[in-house]
Amino acid sequence: MTKQEELILKIISLSEERMRLLNSNNNDSSLNFEKINKRINQIPLEVENLKKELYSMVEVKEEKEKASYLNMLTQEEVAQKLGTTKQHISVLRELGLIQAIKTGKGFMFSQREIERFQEVYRGCDVSNKLKALESYRKRESN
């Protein structure tokens, strides 16, 4: 179970506890009533703190994804990560299998684009120009 799921379950549990306390028949002593009333008033504060923690976790995750998206790689870095040559990356780019951004003399590739390429062409043979083109056509026809 992830930390986010744990926080959500705690929020739900606290909300249920508050509903139970609000709906309970408290014909007991005034001391018991005061304890229950105090607990009823504490729960929203606890829930609010848990929600803040949850939202900050989501924001951190979004920032990491954004940073990953903005992380640009050179053609050499992409070739190294994919275990191939710079020339082969050029072939894949020219065929349209990997999208790049032209920056001066070279090309830059977003981390997200490399991840997309890996997902889309997982299990395909793109080891040479002919096989890469065949894989591209198969994916485009689907």
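No lab work stands behind these numbers, since they all come straight from the coordinates. All of these numbers come straight from a predicted model, not from anything done at the bench. Note that we place each Cβ from the backbone using ideal geometry, even for glycine, and neighbour counts take in every protein chain shown.
Pairs of alpha-carbon atoms within less than 8 angstrom and 6+ residues apart define the contacts here; what relative contact order does the chain have, in percent? It rounds to 18 percent for the chain. Pairs over the 30 Å Cα-Cα cut-off, from the set K81/K105; K3/K38; K10/K38; K102/K138; K3/K102; K64/K102: K3/K102. Simple spin-label estimate for N37 and R93 gives 7.2 nm between the two label positions (7 Å along the Cα-to-Cβ direction from each Cα). Helix 3-23 and the longest principal axis of the Cα set of the chain meet at an angle near 20°. Look at the dipole of the chain built from charges on Cβ: of M19, Q42, Q99, the Cα furthest out on the positive end belongs to Q99. For K35, the aspartates and glutamates whose Cα falls under 16 Å of its own Cα, not counting residues fewer than eight places away in the same chain, are E17.
The mean sequence separation of alpha-carbon pairs under 8 Å and at least six residues apart, normalised by the residue count of the range 78-142, gives a relative contact order of 26 percent.
Working note: Cα atoms of the range 81-142, range along each principal axis, descending, whole Å: 34, 21, 21. Quick one: angle between helix 86-95 and the longest Cα principal axis of the chain, in degrees between 0 and 90, rounded to 10, please. Helix 86-95 and the main axis of the chain meet at about 80 degrees.
Label-to-label distance, K81 versus Y55, with points set 7 angstrom from Cα along the beta-carbon direction: 3.3 nm.
Of the peptides 38-46, 129-137, the order by per-residue mean of other Cβ atoms within 10 Å, starting with the highest, comes out as 129-137, 38-46.
A Cβ-based charge dipole, computed about the Cα centre of the chain with Lys and Arg at +1 and Asp and Glu at -1, lands at about 540 debye. Packing, taken as the mean count of other beta carbons within 10 Å per residue, orders the peptides 88-96, 7-15 from highest to lowest as 88-96, 7-15. In the chain, taking the dipole from charged Cβ atoms about the Cα centre, the farthest positive-side position among L7, A79, S110 is held by A79. Multiplying the residue separation of N128 and I101 by 0.36 nm and subtracting their alpha-carbon distance yields 7.5 nm. Using only the C-alpha atoms, the convex hull of the chain corresponds to 155 Å³ per residue.
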